[in-house]
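One structure is given here, and the rest of the page talks about it.
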Amino acid sequence: MHVLSTLLPAVGLLAQLSAAKYSLKDDYGSTDSFFDKFNFFTDSDPTNGYVSYVDRDTASSGGLINASSSNGVYIGVDHSNTASKPGRQSVRLESTTTYTHGLVILDLAHMPGSVCGTWPAFWMLGSDWPNNGEIDIIEGVNGQSSNQMTLHTSSGCSISNSGFTGTLETADCYVDASGQSANAGCAIDNGNTQSFGSGFNDAGGGVYATEWTGSAINVWHFPSYSVPSDISSGNPVPSNWGTPAARFAGSCDINSHFKDLQIVFDITFCGDWAGDSSVWGQGSCASKADTCDSYVQNNPSAFEDTYWSVKSLKVYQESSQLDIDVGINIDVDLDLGHGKGHGDKSKSGKSGQSKSSKQSTRDTAPYVRPGPRPSTKHRRDHYRRGHGHGHVHA
């Protein structure tokens, strides 16, 4: 019993020291070097939008991008000129680094406002779509008032309706799932009017945190006035943040459906979602112009509020490190006196040698490799699918 009681505290110590934590992997910064970490996508819009994605030089000279340590990173659109085909000038950024697993934390002072004709998104995308997956973290169109978070995958991935504060719209993440619109994916609506567009901006901005592990993908939204202190201090602990706005888990092997994803910022116009006739015809947008393309083309000043203002973008990795030395000294006294007349006691002394228990660090995420400049096939137009096409429309 002496041996057992001595071992138990050591086991408890081992469990405590093996707790996982997140460490900073990539800080994208808030100066012009931010753009060094992205490719500028300049091909035709895979979602058939009324947009012209421009290169870095054109974006910089046209005032579509800028950055400073005091004001952060600005990513916007042309709001001065009448547009001509293929559409209004904008920017689509795709990170040069890819990730598998990790914690992506985006702190925004401003996102594109809830303006008719717009379709902004902050998301993660893999090559060979949809086999490597897609995670839509921030997305919406036109006058949408709350954020929609969505996964798009190959077959065999669906999620449960539990563990999150948002509202489940569609449960099957497969882009060709029966009973859902084409490419609807599994979608969760935040429901909070401070989570997207003008409502987000009126609240002073906020933070989106996306935790991607082998068992689930969770998304939290925090308005600027309620950002957890561990995020602000650079020591994020997701287990302290409460129930996420979206949790993607259930009948889905996350590791087989998501890998090597780029981080993407974009602002497109109209296209397969915002410009769909059934969507454009809803609400007040239809009264502005007969078609989405016509409105976006002829009303440049309407898009002054269509920009991202990034305070910071950081990617953390989860690591469980068992790298400890536990010394255990155990003294056991056994009374070996047997039989009458024997007064001797044989003492057996057992001393546990100092043992160094080493387990190599388990670096679960993110796997990082340099990403080549994206090819057209990797950006989904090969599949004639649109980013968000078929989503449940707000």
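Sticking to Cα atoms, compute the Rg of segment 59-147 to one decimal and its Dmax as the biggest Cα-Cα distance, whole number, in Å.
Rg, Dmax (Cα atoms, Å): 15.0, 42.
Placing unit charges on C-beta atoms (Lys and Arg positive, Asp and Glu negative, everything else neutral), compute the dipole magnitude of segment 132-224 about its Cα centre in debye, rounded to 20. Let's see the in-between values first.
Numbers: 0 positive and 9 negative charges, 26 e Å.
Using Cβ point charges on Lys, Arg, Asp and Glu, segment 132-224 gives about 120 debye.
Once fully extended, how much extra length lies between S233 and L24, figured as 0.36 nm per residue of separation less the alpha-carbon to alpha-carbon distance?
Fully extending the segment from S233 to L24 adds 74.1 nm.
Evaluate the distance, in nm, between pseudo-label points positioned 7 Å from the Cα of N255 and of S69 along their respective Cα→Cβ axes.
4.2 nm
If you find the alpha carbon centre of segment 23-57 and of segment 90-138, how far apart are they in angstrom?
10 Å
I need the peptides 97-109, 113-125, 53-65 ranked by packing, meaning the mean over residues of other C-beta atoms within 10 angstrom, with the highest value on top. Before the final figure, lay out the partial values.
Numbers: 97-109: 22.5, 113-125: 25.2, 53-65: 17.0.
The peptides rank, most packed first, as 113-125, 97-109, 53-65.
Local charge sum around F303 (other residues, Cβ-Cβ under 10 Å, Lys/Arg +1, Asp/Glu -1)? Provide the component values of the computation, followed by the final result.
Working: positive: R88; negative: D78, E304, D305.
Local net charge: -2.
Any idea how far apart D128 and N240 come out in nm if each label point goes 7 Å out from Cα toward Cβ?
Label at D128, label at N240, 3.9 nm between them.
When N counts the residues of segment 81-125, how does its alpha-carbon radius of gyration compare numerically with 2.2 N^0.38 Å, as a ratio? Before the final figure, lay out the partial values.
Details: Rg = 14.4 Å, N = 45, 2.2 N^0.38 = 9.3 Å.
This ratio for segment 81-125 stands at 1.54.
Which pairs break 25 Å Cα to Cα here: K85/K259; K37/K311; K37/K85; K25/K259; K259/K311; K85/K311?
With Cα atoms farther than 25 Å apart: K85/K259; K37/K85; K259/K311; K85/K311.
Roughly how many nanometres apart are two label points built 7 Å out from the Cα toward the Cβ at S160 and T96?
4.2 nm
Would you work out the Kirkwood radius for segment 219-285? I mean one over the mean of 1/r across all pairs of different Cα atoms, in Å.
Numbers: mean 1/r = 0.0612 Å⁻¹.
In segment 219-285 this quantity evaluates to 16.3 Å.
Please report, in whole Å³, the volume per residue of the convex hull around the C-alpha atoms of segment 128-241.
For segment 128-241, the hull spanned by Cα atoms encloses 122 Å³ per residue.
Between S215 and S277, what length in nm is gained on full extension when 0.36 nm per residue of separation is reduced by their alpha carbon distance?
Values: separation 62, 0.36 × 62 = 22.32 nm, distance 3.84 nm.
Answer, rounded to one decimal: 18.5 nm.
Would you please give the residues with an amide H less than 5 Å from that of K25, counting only those at least 5 places away or on a separate chain, with H modeled from the backbone geometry?
V315, Y316, Q317
Each value in this text was obtained by applying a stated rule to the coordinates, not by laboratory testing. Nothing here was measured: the structure is a model prediction, and the numbers come from that model. Cβ atoms come from the backbone with ideal geometry, glycine included; neighbour counts cover every protein chain shown.
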